Amino acid sequence: MAEIAYWEAIRRAHDEEMANDPLVIAMGEDIGVAGGTYKATSGLYDKYGESRIIDTPISENSYTGIGIGASMVGVRPIIEIMSINFALLALDTLINAAAKIRYMSGGRVSCPIVMRTPGGTAHQLAAQHSARLARMFMSTSGLRVVTPRGPLDACGMLKSAVRCNDPVIIIEHERMYNIKEEVPDEEFFRPLEGAEIVREGTDITLIGYNFSVYLCLEAAKRLESDGISAEVLDLRALKPLDRETIRRSVEKTHRVLVAEEDEAPVGVGAEIMAVITEDCFYALDAQPVRIHAADVPVPYNYTLEKEAIPDVEDVYQGALKVMGKI
Amino acid sequence: MKADDQKRLLREMIFFRRFEDRCFEAYMERKMGGFLHLYSGQEAVATGVLEMAKTGHDYVITGYRDHVHAIKSGAPAREVMAELYGKETGSSRGRGGSMHIFDPTVNFMGGYALVGQPFPLAAGLAMGAKLKATDQIAICFLGDGANNQGTFHETMNMASVWKLPVLFVCENNMYAIGTRIERSTAVTDQYKRVCGYDMKASQHDGQDIDTVMEAAKTAIDFVRSGKGPYFIEFMTYRYRGHSMSDSKGYRSKEEEKQWEKRDPITIYAAKLKKAKVITDADIKAMEKEIDDEIENDIIKFAEESPEPRVEDLYKYVLDDNPDPRWIGPLQNK
Ligand SMILES: Cc1ncc(C[n+]2csc(CCOP(=O)(O)OP(=O)(O)O)c2C)c(N)n1
Ligand SMILES: [Mg+2]
């Protein structure tokens, strides 16, 4: 076991999968000669060459489409989009093509692409670099959507995504690339489905995904000193969603909070609430709470941005509310 | 070209015309739903270009006006018709319909409804061939209107920078639904538009299949030799409305008549008759045989085929037999 950073975990997954299969390629802006905005492909250009580590022009929709076309004939492209905001340019090829080709060909053609992109707020990047669009991909049939929270999943899920025959959207986070975690030295895979209980507890379930898992974990520590035992659940996979693990946790704790960095309307939290209502309504002992971003374009100003984006305090206060303590 | 091949080509074009006419009838009888875009008038383009390609081996991709491209690529006509009927035996198991014919067994990689979307997909197919170091090329058929999409410019640039083995065939019928090309497009000669991407390009008559084949051969040889992409434009005309709901109020009867004088089937039939390859009686016999085949084999197959099962609604959304090593689900302790 060795401790590595999130970006190194992604790099390792690329390296292993590219070594394993000559038809695995990576595409994106500045990923080759420049080494990648998040260093996720650093050094790989020299190792695999320009035909497999492909520096693309700034043409998100079409280079994604080229990756999709190649995937239809056996290539396994890992497409990096510099920021999820720019993925909006590629929605036609992602949502109208990749997500639907298997279905509209009656299962005869598949599109095993992986699209990786950071989606979340960083530090005062303002409205056009702070989008969180998980809910949009989560609501698209024909896609898999995953949110690895740490190096273990970042490496293991990317490797699984490359081998899986479906289009997989991997949503990362600018504030997670330097997070460290121990990972096995030998090759490992992490499954693309299933929520993970990252902290066991008995009084309340805090559900998060992507960066908000860390808010939940921090809040759980504070709740513990108040004598409240919080269970923390990392959704990991937004699509397909692991309803079973959500239900089991809520049936155990009878109280639930969902924390997300996305805005609330028609959001991931809204979907989780609907699932809870449908699957385990009678297990609830208290009204659930959603913690989410303010429904505004993300402001540049430090104080306003901080106000707009949920933090540990927000999750902690929300949990106290569910517990009836405030 | 041998006389037998010439006869076969004429027969194919007549077959495509009759096939589309029969689709029109079936649509009017409400045997088909959705949008239906017919290819009548443009037959020489797909037939001529694909005659010069290695069909079944090269990748072919196009828009929603796709029946003829699919069949000429090798997709069984019965399966295409069954698809239009929404049947389980259809090329896309009834899940795609007229605009989404697929047959990967002959490398026909689909028809797509989003105008301009096949450009990058085609370049991707070509990239796949290049990575696998095969001698395959990708051929992308699209209309004149598609060239106003961003994907056109983005893809021409990348195809050229990366020297991808892809042939873009522009079927310039001068209309995008009801908008005539001059009203939407600053440069009406489409082949000129790719010179900004340093790409080989040419423009030809699309109604004379001999011209189409000769031009296509040059382009295909160029692309297959690894020199990079090629953009070829054919001037052509669609006889029917854009789709079935189009009353063609945007163009004149005179214009239609002018183009009917340049009918690809009539032109080729006249040439073959003049060369004494075929007689009027032969053509009559051919037409009868085609109508028989369409009615007694193709339509019959479509009519008699089963509907998809309602239980199978969720099939084909994701891989139906995924490998649990990659999928899981994760087991919590
Ligand atoms: C992205 C997109 N925008 C608009 C449409 C509606 N639409 C369908 S076909 C078409 C015209 C396309 O014209 P052209 O590319 O010349 O092809 P043709 O139909 O003449 O073969 C339009 C606007 C669409 N299907 N997709
Ligand atoms: Mg047109």
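The values are calculated or read from the model by the stated rules, or taken from the named source; none is laboratory data. Note that the coordinates shown come from a computational prediction; the quantities given were computed from them, not determined experimentally. Glycine also receives a Cβ, built like all others from the backbone with ideal geometry; neighbour counts cover every protein chain displayed. Quick note on the areas: whole protein, heavy atoms, side chains included, nothing else; ligands and nucleic acids left out. Shrake-Rupley method; radii C 1.70, N 1.55, O 1.52, S 1.80 Å.
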Residue check, A:Met138 of a type outside the set (Lys, Arg), in the same structural domain as A:Glu16 (by TED's automatic domain parsing) and in contact with a helix residue (DSSP H, G or I) (Cβ under 7 Å, 6 or more places away or on another chain)
yes
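Among the listed residues A:Arg190, A:Arg163, which satisfies the condition of being closer than 16 Å to A:Arg12 by Cα, in contact with an Asp or Glu (Cβ under 8 Å, 6 or more places away or on another chain) and outside the structural domain of A:Met138 (by TED's automatic domain parsing)? Walk me through how you get there before you give the answer.
Working: A:Arg163 fails: outside the structural domain of A:Met138 (by TED's automatic domain parsing).
One residue alone meets the criteria, A:Arg190.
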Give region A:277-300 a look and list any residue that's within 26 Å of the chain's Cα centre (by Cα) and without any contact (Cβ under 8 Å) to a residue 12 or more places away in the chain, or say none.
A:Thr277, A:Glu278
Inspect all residues belonging to region A:211-231 and state whether any of them is more than 17 Å from A:Ala154 (Cα to Cα) and within 12 Å of chain B (Cβ to nearest Cβ).
yes
Filtering region A:106-151 down to residues that are among the charged types (D, E, K, R) and away from every other protein chain (no Cβ under 11 Å), which residue is nearest to the chain's Cα centre (by Cα)?
A:Arg149
Here the residues within region A:234-272 that are assigned to a loop (DSSP other than H, G, I, E, B), open to solvent by 60 Å² or more (accessible area, probe 1.4 Å) and within 14 Å of another protein chain (Cβ to nearest Cβ) are none
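Within region B:134-151, which residues are open to solvent by 60 Å² or more (accessible area, probe 1.4 Å) and within 15 Å of ligand 1 (Cβ to nearest atom)?
Start the filter on region B:134-151 by keeping residues that are open to solvent by 60 Å² or more (accessible area, probe 1.4 Å), which leaves B:135, B:148-149.
Result: B:Asn148, B:Gln149.
Yes/no per residue for (1) within 15 Å of ligand 1 (Cβ to nearest atom); (2) closer than 23 Å to B:Gly128 by Cβ; (3) open to solvent by less than 10 Å² (accessible area, probe 1.4 Å):
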position	(1), (2), (3)
B:Met158	no, yes, yes
B:Pro165	no, yes, no
B:Asp205	no, no, no
B:Gly226	no, yes, no
B:Phe231	yes, yes, yes
B:His242	yes, no, no
B:Ser247	no, no, no
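Test B:Glu154 against the stated conditions and say whether it is buried (at least 23 other Cβ atoms within 10 Å of the Cβ) and near ligand 1 (Cβ under 10 Å from one of its atoms).
On the way: buried (at least 23 other Cβ atoms within 10 Å of the Cβ): yes; near ligand 1 (Cβ under 10 Å from one of its atoms): no.
For B:Glu154, the condition - buried (at least 23 other Cβ atoms within 10 Å of the Cβ) and near ligand 1 (Cβ under 10 Å from one of its atoms) - is not met.
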In region B:77-100, is there at least one residue being in contact (Cβ under 8 Å) with a residue 12 or more places away in the chain, away from chain A (no Cβ under 14 Å) and open to solvent by 30 Å² or more (accessible area, probe 1.4 Å)?
yes
